Amino acid sequence: MRVLQIKCPRCQQPIYSKTKDLAFYCPHCRTMHVRDGGVHIIDFDIAEFNVNAPQDRVYMPFWRLFSTVRIDQSQVAGGTLFKLGRLLKGTANGGNLFIYVPAWHTEVQEFKRWAMDMTESQPMYSLGTDFANVERLPTAVTREEAMRMADFVIVTMEAERPGTLQYLRYSLQVHDARLVYLPFVRGPGGVTPGF
């Protein structure tokens with residue numbers, strides 16, 4: 001195995017990491033870049049912890065995809081599109097939506113839960129300036145993978161109501177992808193939001 005010295009593409013300062021991560025943060029100039037076949041500086045947000053959040057803290061990375069969803073045709077037994085209809089900002093046939101895709105390595109069931117929870121609840125947070133020595137989970141999902149997974153999130157949101165969704169034809173366009181580090185607190189039952 002070859003070990004490479006990672007340097008910030010903006011300020012050339014060395015970056016040290018003990019974990020395998022696609023995203024590298026430079027605390028010197030506060031630049032985030034990914035290495036996914038090339039070196040690309042990316043847009044990112046670090047959400048602040050609630051001042052009352054307990055101390056066992058961790059940042060979990062999500063790709064926040066600003067998207068437009070257009071419903072071309074749907075057939076739903078007993079009503080209308082349940083979740084999409086409430087979330088889309090626009091007309092009855094479509095609109096804009098932030099889709100949250102978990103960016104760390106996780107099992108499928110946990111991925112579905114976090115993607116749907118964050119997309120449905122649209123987290124509100126204040127922006128922080130750095131990670132303040134709080135652990136962050138490594139990013140394992142590329143921007144392109146997250147954009148492909150957005151379709152999975154949209155269909156899963158509606159299909160989770162058994163026997164309701166019978167047919168859905170739609171188009172999805174992702175306009176912007178931003179890596180967002182959301183604050184969570186570890187507890188006996190797992191992690192809970194800390195924002």
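Rounded to whole Hz and in sequence order, give me ³J(HN,Hα) for region 46-62 from the Karplus expression 6.51 cos²θ - 1.76 cosθ + 1.60, θ = phi - 60°, writing x for Gly and Pro.
10, 7, 7, 6, 4, 4, 8, 5, x, 7, 7, 9, 8, 9, 10, x, 10
Quick one: which of 97-110, 29-42 comes out on top by average Cβ neighbours within 10 Å, and what's the full order, highest first?
Packing order, densest peptide first, comes out as 97-110, 29-42.
Quick query: amide H of C8 versus all other amide H atoms, modeled in the peptide plane; which residues come in under 5 Å with a sequence gap of 5 or more or a different chain?
Q13, I15
Cross-link partners among aspartates and glutamates for K112, C-alpha distance below 14 Å, same-chain residues fewer than 8 apart left out?
List returned: E120, D151, E158, E160.
What does the convex hull of the alpha-carbon atoms of region 1-43 project to on average, in nm²?
Averaged projected hull area, Cα only: 3.2 nm².
Laboratory data are not the source of any read-out in this text; all were calculated from the coordinates shown. Only a predicted model underlies this, so the values are computations on that prediction, with no experimental measurement involved. Here the Cβ is made from the backbone with ideal geometry for all residues, glycine too, and neighbour counts use every protein chain on show.
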